[in-house]
Amino acid sequence: MSKIPFERPVINKVQAGVADKFGMHAGFKTIPYIDGVPVKDIIRQNGSPCYVISEKIIRDTYKKAMTAFQTRYPKVQFAWSYKTNYLNAVCKVFHQEGSWAEVVSGFEYAKAIANGVPGNKIIFNGPDKSNEDLTLAIANGSYIHIDHFDELYTLIELTAQLGQKAKVAIRVNMDTGIYPRWDRFGFNFENGEAWSALNKIMVAENLDLMGLHTHIGTYITTPNAYAVATSKLSDLAVRIERKYNYHLKYIDLGGGFASKNTLKGAYLPGTDTCPTFDDYAEAITTALNDSDIQYEHMPTLFLESGRALIDDAGFLLGSVLANKRLADGRRSTIVDIGVNMLFTSFWYEHEIVPAQITQNDTEDTTIYGPLCMNIDVIRAAIQFPVMNKGDHVVINRIGAYNMTQWMQFISYRPKVVLIDMEGKTHVIRENETHETMNALDVVPGHLAEFDL
């Protein structure tokens with residue numbers, strides 16, 4: 001008798017509702033409009049699939065986050081995380097709201113400069129900064145967050161050659177009680193590496209130490225971890241005060257705030273478990289106010305939140321291509337949205353809903369994308385109503401990372417549409433075409449012709 005293969009158990013929450021004569025069922029949510037604009041009109045004008053960004057939701061979310069921190073601490077500055085969504089129109093909305101730019105590559109730095117961000121309002125993070133990148137950042141007066149000793153020594157050499165000072169901070173990694181611990185970036189707090197780096201900077205002739213930075217992880221649902229991080233950075237600031245009689249200008253807590261998306265494997269939805277901006281703000285500002293930093297020299301609090309500020313503002317619209325039964329009898333629905341357009345589907349159970357009224361009866365369904373690869377699964381199992389070919393669907397909370405980590409694969413990447421504060425639509429990124437896809441290809445002469 002052969003051994004029965006192990007199957008990982010799966011827990012599904014029971015969706016209980018009010019019983020009618022047919023039994024228990026729950027009404028199904030639909031999203032027929034986004035900021036008052038019909039989904040069907042957006043698809044008709046721009047094609048399917050199509051990304052949509054709500055300017056109103058961006059601005060409302062930003063104001064909510066800023067209020068949470070400014071009501072608890074007098075000096076707060078947000079810096080928009082370009083890697084989260086670097087479409088120019090999106091970045092400029094945040095800059096209009098007063099956010100600086102936070103970048104992690106020469107490419108992103110160039111985008112920030114081209115978007116009109118002054119060099120002295122750019123935070124330059126990341127482990128890969130070329131000498132050319134650093135030279136430009138020094139000249140522009142940007143804040144360079146040093147990631148490792150090799151970068152520190154390079155900066156000492158460059159500033160000596162240029163005869164210019166550089167405004168720097170260090171990134172610090174630490175144990176905040178969460179797992180996994182992010183220790184591949186920056187200098188470690190517990191083993192003394194961060195303190196050693198700070199001492200080297202303080203005696204370097206052309207390096208001006210401006211602040212301390214940490215980014216403890218991503219999708220952090222425990223606000224207390226930020227309190228621990230704040231306390232440890234504050235301790236370093238106090239040590240610098242005591243040894244050098246020097247006062248730091250800022251402490252940067254990075255980002256990592258969770259959005260309301262639901263992580264794969266989670267039993268409860270993210271809307272129930274995600275901390276609020278007030279929760280994060282209370283933890284961080286309390287730790288900062290309770291620190292031993294001298295009151296008259298309290299640093300500016302920098303924040304680089306990306307996901308929590310943009311996720312809710314993003315929508316991905318698509319259409320049903322087909323329905324079919326799988327070998328085990330389960331129903332599957334195929335839509336024109338693939339994982340190449342929804343990269344975050346690998347770690348989120350995204351909410352996908354019809355864009356039109358449907359029947360209330362649902363069935364356990366697998367929703368696939370159109371790609372010719374077996375991993376193209378938008379939802380492995382979801383209670384979903386029966387939909388017809390051509391019906392529209394909406395996936396919400398996709399504003400973070402899906403427009404920077406998207407891949408051109410099998411099909412062209414679609415348009416991105418912005419709905420402004422007055423409900424007007426604007427194409428802020430055109431769809432790819434045959435011409436744009438071939439623009440960078442170069443064919444050697446001996447391959448130009450063939451005869452089949």
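Restricting 251, 284, 220 to those that are β-branched (Val, Ile, Thr) and in contact with a His (Cβ under 9 Å, 6 or more places away or on another chain) reduces the list to 251.
Whether any residue in region 90-101 is in a loop (DSSP other than H, G, I, E, B), under 15 Å from residue 304 (Cβ atoms) and of a type in the set (Gly, Ala, Ser) is what I want to check. Within region 90-101, one or more residues are in a loop (DSSP other than H, G, I, E, B), under 15 Å from residue 304 (Cβ atoms) and of a type in the set (Gly, Ala, Ser).
Scanning region 139-156 for residues that are out of contact with any helix residue (DSSP H, G or I) (no Cβ under 6 Å at 6 or more places or on another chain) and in a loop (DSSP other than H, G, I, E, B), we see that the one that is surrounded by the fewest Cβ atoms within 10 Å (Cβ to Cβ) is 148.
Here residue 420 meets each of (1) at pLDDT 95 or above; (2) loosely packed, with under 13 Cβ neighbours inside 10 Å; (3) farther than 23 Å from residue 108 by Cβ with one exception, condition (2). Residues in region 43-75 that are over 28 Å from residue 431 (Cα atoms) and more than 22 Å from the chain's Cα centre (by Cα): 70, 71, 72, 73, 74, 75.
Given the options 159, 176, name the one that is surrounded by 21 or more Cβ atoms within 10 Å (Cβ to Cβ) and in a helix (DSSP H, G or I). Steps first, please.
Values: 176 fails: in a helix (DSSP H, G or I).
Answer to the selection: 159.
In the condition set (1) out of contact with any helix residue (DSSP H, G or I) (no Cβ under 9 Å at 6 or more places or on another chain); (2) in the same structural domain as residue 352 (by TED's automatic domain parsing), residue 449 is compliant with all but (2).
Output yes when any residue across region 91-102 is within 23 Å of residue 186 (Cα to Cα), among the aromatic types (Phe, Trp, Tyr) and out of contact with any helix residue (DSSP H, G or I) (no Cβ under 6 Å at 6 or more places or on another chain), and no when none is. Write out each step before concluding.
Just the residues of region 91-102 that are within 23 Å of residue 186 (Cα to Cα), to begin with: 100-102.
Retained after the next criterion (residues that are among the aromatic types (Phe, Trp, Tyr)): 100.
Okay, now just the ones that are also out of contact with any helix residue (DSSP H, G or I) (no Cβ under 6 Å at 6 or more places or on another chain), so none.
Within region 91-102 (the criterion being within 23 Å of residue 186 (Cα to Cα), among the aromatic types (Phe, Trp, Tyr) and out of contact with any helix residue (DSSP H, G or I) (no Cβ under 6 Å at 6 or more places or on another chain)), the answer is no, since none of the residues qualifies.
Of the residues making up region 167-219, those that are touching a residue at least 60 places away in the same chain (Cβ under 8 Å) and either over 20 Å from residue 300 (Cα atoms) or among the β-branched types (Val, Ile, Thr) (or both) number 3. Of the residues 368, 348, which is of a type in the set (Phe, Trp, Tyr) and either assigned by TED's automatic domain parsing to the domain that holds residue 269 or free of Cβ contacts under 8 Å to residues at least 40 places away in the same chain (or both)? On inspection, the qualifying residue turns out to be 368. Taken as a whole, the condition of being assigned by TED's automatic domain parsing to the domain that holds residue 125, in contact with a strand residue (DSSP E or B) (Cβ under 6 Å, 6 or more places away or on another chain), within 20 Å of residue 125 (Cα to Cα) and of a type in the set (Phe, Trp, Tyr) applies to residue 187. Figure legend. Inter-residue proximity from region 30-45: first residues in the same structural domain as residue 426 (by TED's automatic domain parsing) and on the phi < 0 side of the Ramachandran plot, second residues in a helix (DSSP H, G or I) and surrounded by 14 or more Cβ atoms within 10 Å (Cβ to Cβ), beta-carbon distance below 9 Å, spacing 6+ or different chains. Indicated pairs: 31/39; 32/39; 32/40; 33/39; 34/42.
Residues checked against (1) outside any strand (DSSP E or B); (2) under 23 Å from the mean Cα position of the chain (by Cα); (3) more than 18 Å from residue 75 (Cβ to Cβ); (4) of a type in the set (Gly, Ala, Ser):
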residue: 198; (1), (2), (3), (4): yes, no, yes, no
residue: 202; (1), (2), (3), (4): yes, no, yes, no
residue: 215; (1), (2), (3), (4): yes, yes, yes, no
residue: 225; (1), (2), (3), (4): yes, yes, yes, yes
residue: 232; (1), (2), (3), (4): yes, no, yes, no
residue: 239; (1), (2), (3), (4): yes, no, yes, no
residue: 248; (1), (2), (3), (4): yes, no, no, no
residue: 281; (1), (2), (3), (4): yes, yes, no, yes
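Considering each residue of region 50-89, count those that are in a strand (DSSP E or B) and either touching a Cys at 6+ places or on another chain (Cβ under 8 Å) or over 20 Å from residue 401 (Cβ atoms) (or both), and give that number. Show your work before the answer.
Here is the first cut: in region 50-89, the residues in a strand (DSSP E or B) are 50-54, 76-81.
Next, only the ones that are either touching a Cys at 6+ places or on another chain (Cβ under 8 Å) or over 20 Å from residue 401 (Cβ atoms) (or both) stay: 76-77, 80.
Number of matching residues: 3.
Given region 355-405, what strands (runs of 3 or more DSSP E) lie entirely inside it while holding 3 or more residues that are among the charged types (D, E, K, R)? Lay out the reasoning, then the answer.
Working: elements: 362-368, 377-385, 392-396.
Per the criteria, no element qualifies.
Among the residues of region 325-346, those identified as out of contact with any Gly (no Cβ under 8 Å at 6 or more places or on another chain) and closer than 16 Å to residue 381 by Cβ are 325, 326, 327, 328, 329, 330, 331, 332, 333, 345, 346.
In region 356-364, the count of residues that are of a type in the set (A, V, I, L, M) and in contact with a Phe, Trp or Tyr (Cβ under 8 Å, 6 or more places away or on another chain) is zero.
The values are calculated or read from the model by the stated rules, or taken from the named source; none is laboratory data. It should be emphasised that the depicted structure is a prediction, and the values quoted were computed from it without experimental measurement. Cβ: placed from backbone, ideal geometry, glycine included. Neighbour counts: every protein chain shown.
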